[in-house]
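Enquirer: Handing you a structure now.
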Amino acid sequence: MSTLREGGRARQRRDDRTPAARRPAIRFGGIGDEAAPDLAGQIDALEQLGWRELELRTVDGVWVADLHTRQVRSIATTLKRHGIRVSGLASRIGNWASDITGDPTADVLEFHRLAVRAELLGTDRIRIMSYPNATGLPAAEWRRLALERMHGFAIGAEHGNQVVLHENCAGWGGSSIENTLDLMTSVDNPGLRLLHDTGNGVPYGYDGFELLRRSVEYVDHVHIKDAVGDGERTRYVLPGTGDARLAESLRLLTARGWRGGWSLEPHLATRPHEGLAADGRSENGSESGFVAAGRALTALVEREVLPHSPGWRLVPGGLAWEAPTPRQAEPADASADAAVGVASGAH
């Protein structure tokens, strides 16, 4: 029997008013600004899909770390009124716009600002990356500096009862499977866990499924995307229609009894000629790209994941898991009586 695990770590079930059989063990959600710039639009997209988890990156074009705490409290109140939970906060720490040779002071300040905002929003998770090397430092020095900074953020998170989630994206730790594993074993701190993005292997030139297979014990959160092409020719597509081995990755998670959040980040390009506005909402009344991607994810799960995942089923907001009930052996005398009955009927 599989053991349900929150990001690879066994956790107690939390009692709530939802029957256990209908409580999602894997919760579907999304990065809000992939659906719309404003909070109302982000909430609307989730409600169209029947999802209840929001990962916050920007609101009205402003990064969460830069929002005034008064605005953050207002956001928390609004989300609570709609029954939406915040699964985590995205940061700019170590991302594609930074460099390993830069001054990390601004990142440290952002971390502390996000720690405060995370508490106000009821989450303990902050997404980070591990610094690109655009200036061309020697590989050993890049590794040393990246590990030094990641270790510092992990310690800060642990002290605050929070977790920094390293994404396999821009930076040293996301540049190869080996570096990801090196990161986790070298830092070796519960304040650092992994955020696995299913689609990032396509543009970065590695097998995302293989990364997940080898690092799944460290994974606490998942971003859902799919893509075709490679490098600068990468094109993002609906979940299940690309080359990211998405269905295989999701089956791997269900087979392990993993539990946590699958957060939709489709990265679908703006297409004005199709009436799709820059904020991801349709100008002609048709379904937005984000909502279409959400429906594609659900269809993929129904078609290619659940038939291979005993005990799992779709429920509102995600997937629930129930241990299959073992078949009870019939009493010996009942079996004998049945056999006699069959034999008698044969005459």
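Enquirer: Among the residues in the range 69-87, are any touching a strand residue (DSSP E or B) at 6+ places or on another chain (Cβ under 8 Å), in a loop (DSSP other than H, G, I, E, B) and either over 25 Å from TRP262 (Cα atoms) or of a type in the set (Phe, Trp, Tyr) (or both)?
Expert: Within the range 69-87, none of the residues are touching a strand residue (DSSP E or B) at 6+ places or on another chain (Cβ under 8 Å), in a loop (DSSP other than H, G, I, E, B) and either over 25 Å from TRP262 (Cα atoms) or of a type in the set (Phe, Trp, Tyr) (or both).
Enquirer: Could you please find all residues in the range 316-336 being over 19 Å from ARG256 (Cα atoms), modelled with pLDDT of 95 or more and out of contact with any Asp or Glu (no Cβ under 8 Å at 6 or more places or on another chain)?
Expert: Once the filter is applied, which keeps residues that are over 19 Å from ARG256 (Cα atoms), modelled with pLDDT of 95 or more and out of contact with any Asp or Glu (no Cβ under 8 Å at 6 or more places or on another chain), the range 316-336 yields only PRO316.
Enquirer: Quick one: is GLY280 modelled with pLDDT of 95 or more, buried (at least 19 other Cβ atoms within 10 Å of the Cβ) and within 19 Å of GLY29 (Cα to Cα)? Talk me through it step by step, then tell me what you get.
Expert: Values: modelled with pLDDT of 95 or more: no; buried (at least 19 other Cβ atoms within 10 Å of the Cβ): yes; within 19 Å of GLY29 (Cα to Cα): yes.
Considered against the rule, which asks whether it is modelled with pLDDT of 95 or more, buried (at least 19 other Cβ atoms within 10 Å of the Cβ) and within 19 Å of GLY29 (Cα to Cα), GLY280 comes out as no.
Conditions (1) surrounded by fewer than 19 Cβ atoms within 10 Å (Cβ to Cβ); (2) of a type in the set (A, V, I, L, M); (3) in contact (Cβ under 8 Å) with a residue 24 or more places away in the chain, marked per residue:
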| position | (1), (2), (3) |
| --- | --- |
| HIS68 | yes, no, no |
| VAL72 | no, yes, yes |
| GLY88 | no, no, yes |
| ARG92 | no, no, yes |
| ALA97 | yes, yes, no |
| ILE100 | no, yes, yes |
| ASP107 | no, no, yes |
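Enquirer: Give just the number: which of (1) part of a loop (DSSP other than H, G, I, E, B); (2) within 22 Å of the chain's Cα centre (by Cα) does ALA118 not satisfy?
Expert: Tallying (1) part of a loop (DSSP other than H, G, I, E, B); (2) within 22 Å of the chain's Cα centre (by Cα), ALA118 fails exactly one: (1).
Enquirer: Tell me, which helices (runs of 4 or more DSSP H) wholly within the range 129-214 include 2 or more residues that are touching a residue at least 12 places away in the same chain (Cβ under 8 Å) and more than 29 Å from VAL86 (Cβ to Cβ)? Break it down into steps so the answer makes sense when it comes.
Expert: Details: elements: 139-159, 177-187, 201-204.
Passing ranges, in order: 139-159, 177-187.
Enquirer: Follow-up question, since we're still on this one. How many residues are among the small types (Gly, Ala, Ser) and farther than 15 Å from SER176 by Cβ if we restrict to the range 118-149? Lay out the reasoning, then the answer.
Expert: First pass over the range 118-149, keeping only residues among the small types (Gly, Ala, Ser): 118, 122, 130, 134, 136, 139-140, 146.
Narrowing further to those that are farther than 15 Å from SER176 by Cβ: 118, 122, 134, 136.
Qualifying residue count, the range 118-149: 4.
Enquirer: So, GLN71, is that one polar (S, T, N, Q) and modelled with pLDDT of 95 or more or not? Outline the logic, then answer.
Expert: Numbers: polar (S, T, N, Q): yes; modelled with pLDDT of 95 or more: yes.
So GLN71 fits the description; yes.
Enquirer: Then there is this: Can you tell me which residue in the range 283-303 is modelled with the lowest pLDDT, limited to those that are charged (D, E, K, R) and not in a helix (DSSP H, G or I)?
Expert: Within the range 283-303, the first condition is being charged (D, E, K, R), and the residues that meet it are 283, 287, 295, 302-303.
Then keep just the ones that are not in a helix (DSSP H, G or I); that gives 283, 287.
On the way: GLU283: 51, GLU287: 78.
By that ranking, first place goes to GLU283.
Enquirer: Does VAL237 qualify as being at pLDDT 90 or above and either more than 16 Å from the chain's Cα centre (by Cα) or among the acidic types (Asp, Glu) (or both)?
Expert: Details: at pLDDT 90 or above: yes; either more than 16 Å from the chain's Cα centre (by Cα) or among the acidic types (Asp, Glu) (or both): yes.
So VAL237 passes the test.
Enquirer: Which residue is farthest from SER215 (Cα to Cα), if the candidates are limited to the range 156-172 and must be buried (at least 24 other Cβ atoms within 10 Å of the Cβ) and of a type in the set (Gly, Ala, Ser)?
Expert: Checking each candidate, the answer is ALA157.
The values are calculated or read from the model by the stated rules, or taken from the named source; none is laboratory data. Everything quoted here is computed from the prediction, not taken from an experiment. Neighbour counts run over all protein chains shown; Cβ positions are idealised from the backbone, glycine included.
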